[in-house]
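Student: My questions will all concern the structure given below.
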Amino acid sequence: MSQRNRLALPIALLVGLAALSGSAHAVVTKSITDRKGDSRTGFPDISSASVRTTPLYVTVTVHAYKPFGVAAAPCASFTHKRPAVGDEFVVCGDGSVQDFQHGRTAGRARVSQPAPDTVVYVVSRATLRHPSLIGWAIQVRGGRADACIRRFHDVCDAAPQGPGARVYQS
């Protein structure tokens with residue numbers, strides 16, 4: 001084996017290991033459903049949600065039982081902690097990713113409404129501070145003004161159900 005070939009093998013191994021370590025997050029999709037009629041009157045009623053995580057992005061797709069305007073769209077809440085101790089990041093229909101832990105805007109999400117009863121958020125993992133574990137929930141907060149929180153001191157609908165309930169994935 002020549003000197004050149006002896007060096008090529010370790011370099012190839014290092015490049016391969018570097019590529020594997022850079023893809024620590026596999027592509028994972030998890031979905032949930034929510035029962036019909038459990039939202040407060042006049043607000044979107046969550047039907048189902050799915051979250052797809054990749055090494056670079058988190059894509060949230062939320063369906064409701066009836067159409068809604070993007071300004072009133074259900075929000076996505078994210079946390080890195082297990083068990084969840086509140087919302088760390090929340091993105092709603094305006095696309096602003098709110099960092100509740102630091103009281104600031106963390107960045108922007110791409111927002112689309114492919115159907116009148118559906119909203120899709122695409123958030124960069126960098127905006128969420130590159131978590132290795134993401135806990136998520138869908139919340140009807142009542143739009144940008146948090147009408148549900150202000151009026152009822154709670155969300156108008158949530159999936160999964162229960163205080164602090166989250167779906168976790170990498």
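Student: Taking all protein chains together and a probe of 1.4 Å, list I134, I32 from the most accessible to the least accessible. Please report the intermediate quantities before stating the final value.
Tutor: On the way: I134 0, I32 30 Å².
Greatest to least solvent exposure: I32, I134.
Student: I would also like to ask the following. Out of every Cα pair in region 70-134, what percent are spaced more than 18 Å from each other?
Tutor: Cα-Cα pairs in region 70-134 separated by more than 18 Å: 34 percent.
Student: Please list, ordered by chain and number, the residues whose modelled amide H lies under 5 Å from the amide H of A106; skip anything fewer than 5 residues away on the same chain.
Tutor: V97, Q98, D99
Student: May I ask you to list the residues of region 105-149 whose amide nitrogen lies under 19 Å from a point 7 Å from Cα along the Cα→beta-carbon direction of K66?
Tutor: In region 105-149, the label zone of K66 (backbone N under 19 Å from the point 7 Å along Cα→Cβ) covers 115-119, 139-144, 147-149.
Student: Hey, can you grab everything whose amide H is under 5 Å from the amide H of R125? Only 5+ residues off in sequence or another chain; H modelled, so Pro and N-termini drop out.
Tutor: So R125 has HN proximity to Y57, V58.
Student: Please compute P(r) over all alpha-carbon pairs of region 32-170, binned at 5 Å starting from zero, and give each bin as a whole-number percent.
Tutor: 2, 11, 22, 26, 22, 12, 4, 0
Student: List the lysines whose Cα lies under 23 Å from the Cα of K66, skipping any in the same chain that are fewer than 8 positions away.
Tutor: Straight-line reach from K66, under 23 Å: K30, K36.
Student: Subtracting the Cα-Cα distance from 0.36 nm times the residue separation, let me have the gained length for A145 to Q161 in nm, one decimal. Write down the numbers at each step before the final one.
Tutor: Numbers: separation 16, 0.36 × 16 = 5.76 nm, distance 2.24 nm.
Difference between extended and current length: 3.5 nm.
Student: Sorting check: for 156-167, 39-50, 102-113, which peptide has the highest mean count of neighbouring beta carbons within 10 Å, and how do the rest follow? Display every interim value, and only then the final one.
Tutor: Values: 156-167: 16.7, 39-50: 18.7, 102-113: 14.5.
Result, highest mean first: 39-50, 156-167, 102-113.
Student: Where does the Debye-calculated log10 I(q)/I(0) of region 119-158 sit at q = 0.15, 0.21, 0.31 Å⁻¹, using only Cα point scatterers of equal weight, no solvent?
Tutor: Cα-only, vacuum Debye calculation for region 119-158: -0.51, -0.78, -0.96.
Student: Collect residues whose amide H, placed 1.01 Å from N in the peptide plane, falls under 5 Å from the amide H of D154; neighbours closer than 5 in sequence don't count.
Tutor: Distant-sequence amide H within range of D154: I149.
Student: Could you give the distance between the Cα centres of region 109-147 and region 32-77, to the whole Å?
Tutor: Spelled out, the Cα-based centre of one part sits 9 Å from the other.
The values are calculated or read from the model by the stated rules, or taken from the named source; none is laboratory data. Predicted model, so just to flag it, every value in this text is computed and none were measured. Please note: Cβ atoms are built from the backbone with ideal geometry, for glycine as well, and neighbour counts cover all protein chains shown. Remember, those area values only see protein heavy atoms, side chains included, never the ligands or the DNA or RNA. Shrake-Rupley method; radii C 1.70, N 1.55, O 1.52, S 1.80 Å.
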